[in-house]
Every structure is written in C-alpha cells, then in structure tokens.
1. Over the Cα atoms of region 1-106, Rg to Rh with Kirkwood Rh, two decimal places?
2. Under a no-solvent Debye model with one identical scatterer per Cα of region 109-198, what's log10 I(q)/I(0) at q = 0.17, 0.19, 0.25 Å⁻¹?
3. What residue among 119, 162, 106 has the largest mean-square fluctuation in a Gaussian network model of the chain, using Cα springs under 10 Å?
4. Using only the Cα atoms of the chain, what are the Rg and Dmax in Å?
5. Quick check: pseudo-label points 7 Å beyond the Cα along Cα→Cβ at residue 54 and residue 12, how many nm apart are they?
6. Considering every pair of different Cα atoms, what Kirkwood radius, in Å, is found for region 67-127?
7. Determine the distance separating the Cα centre of region 144-166 from the Cα centre of region 12-40; give it in Å without decimals.
8. Please report the spacing between the Cα centers of region 60-123 and region 174-198 in Å, no decimals.
Ligand SMILES: Cc1cc2nc3c(=O)[nH]c(=O)nc-3n(C[C@H](O)[C@H](O)[C@H](O)COP(=O)(O)O)c2cc1C
C-alpha cells in the first residue's frame with residue numbers, strides 16, 4: 001500500500017522575515033560553515049561565519065555564501081567589496097566556540113580574531129591571511145555580488161585551496177580526519193559522527 005502521510009502546506013511568502021528564517025534555517029540542516037577572513041580598512045584581520053554556503057560551480061571553481069540583512073552593514077561585505085578578495089576557511093568541530101564568538105556582534109574596534117584567540121597565516125596568492133587553526137582554506141577572488149532583496153550573495157573564484165598536511169587521500173579529503181562542524185541554528189551545531197554508506 002502506498003503510504004499517504006499528511007503534510008502541512010506552509011506559504012513561506014506569507015511569513016515575515018523571522019518566520020521564514022526560522023523555517024528555512026531549521027529545515028536546511030546541517031549547513032557547512034564558511035568562516036570568512038577579510039582585511040579591515042586598517043589592515044587588521046576580521047573573521048565571520050556564514051552558513052548559507054555552497055559550491056556555486058565545480059567547473060568554474062566558484063563558492064558562494066549569502067550575507068543577510070543587518071542594521072549596520074556587515075564588515076565582511078564591506079571588506080570583500082573593497083578588497084575584491086577573501087579567504088573561506090572551513091570549520092573543524094573543535095572550533096565551535098571560536099566561530100560562535102566571531103558570529104556575534106561586538107563593539108566597533110574590537111578584534112574578533114583576538115577575542116577568539118585565533119591567528120592569521122599568510123596566503124599564497126592574495127593579501128588576506130588564512131585562519132591558522134582551520135584545516136582547509138580557499139583563497140578567493142571576488143567574482144560577483146548578487147543582490148536578492150536586502151541579502152547579498154557573494155560569489156568568488158577559488159585561486160588556491162589549502163589542506164592540512166595528511167588530510168588528502170586519493171585526491172579526496174578524509175572525512176574522519178577532517179571532522180567538520182555543521183550548523184543547526186542559534187548556538188546548536190553538530191559533528192559528523194554517524195556516517196552511512198549505501
Ligand atoms: C555559525 C554561524 C553562521 C552564520 N551564518 C550567517 C549567514 O549565513 N549569513 C549571515 O548574514 N550571517 C550569518 N551569521 C551571522 C554573522 O556571522 C554575524 O552577523 C557576524 O557578526 C558578521 O560579522 P562581520 O560584521 O565581521 O561580517 C552566522 C553566525 C554564526 C554563528
């Protein structure tokens with residue numbers, strides 16, 4: 001017999017921003033996190049997490065992340081547009097607290113990198129440093145910023161990918177050694193512990 005479960009049809013367009021945000025971010029889970037490092041105007045390093053993150057094109061080596069509306073313009077967007085470059089660092093599970101700190105609002109002039117006790121290391125092709133405590137980093141050149149309402153989708157071309165020594169086996173990243181952090185919502189995250197093979 002064909003199962004006939006009943007579904008709740010939710011008109012997302014009829015909801016306000018908070019309602020849409022709650023439903024979309026609690027159903028599209030877990031999300032990988034782009035931990036984006038950028039150079040501030042004064043040359044100091046900034047880092048912020050963005051879990052609206054995806055591969056936009058494998059053949060063109062494009063990664064995309066989305067910056068949502070905010071009262072004050074987000075530093076990452078300003079820096080990316082001014083510098084035309086940035087680094088997407090991915091997040092190992094042990095960096096959850098540090099990433100949370102960098103995802104919260106702090107008084108202007110406060111360095112999130114210092115607050116989270118993180119460190120920058122030089123990139124190869126761009127001026128923006130990578131985050132030393134992460135295992136995989138992508139040096140990116142800004143390709144385009146696409147406006148969707150007040151949100152901005154940032155699309156960048158990967159110039160260089162860095163992987164921690166020993167992480168790549170047969171041309172692939174070893175998932176257990178990688179141990180990436182997944183975003184659920186708010187302060188909730190997950191680890192990749194139950195792997196399924198079919
Ligand atoms: C795990 C995590 C994921 C986040 N994902 C997003 C996102 O996809 N888009 C967004 O606009 N803000 C996101 N945020 C919030 C930003 O990180 C936050 O606004 C941050 O303060 C921006 O910093 P900036 O002003 O240095 O760019 C996220 C926060 C956390 C903790």
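1. Numbers: Rg = 17.4 Å, Rh = 16.3 Å.
Here the Rg-to-Rh quotient is 1.07.
2. Rounded to two decimals, the profile gives -1.12, -1.27, -1.24.
3. 106
4. Cα-based Rg and Dmax for the chain come out at 17.9, 66 Å.
5. 1.0 nm
6. For region 67-127, the Kirkwood estimate is 13.4 Å.
7. Region 144-166 and region 12-40 have Cα centres spaced 16 Å from each other.
8. A separation of 21 Å, based on Cα centres.
Readers should treat all values here as calculations from the given coordinates under stated rules, not as data from a laboratory. None of these values were measured; they are calculated from a predicted model. Heads up, the Cβs are rebuilt from the backbone with ideal geometry, glycines too, and the neighbour counts pull from every protein chain shown.
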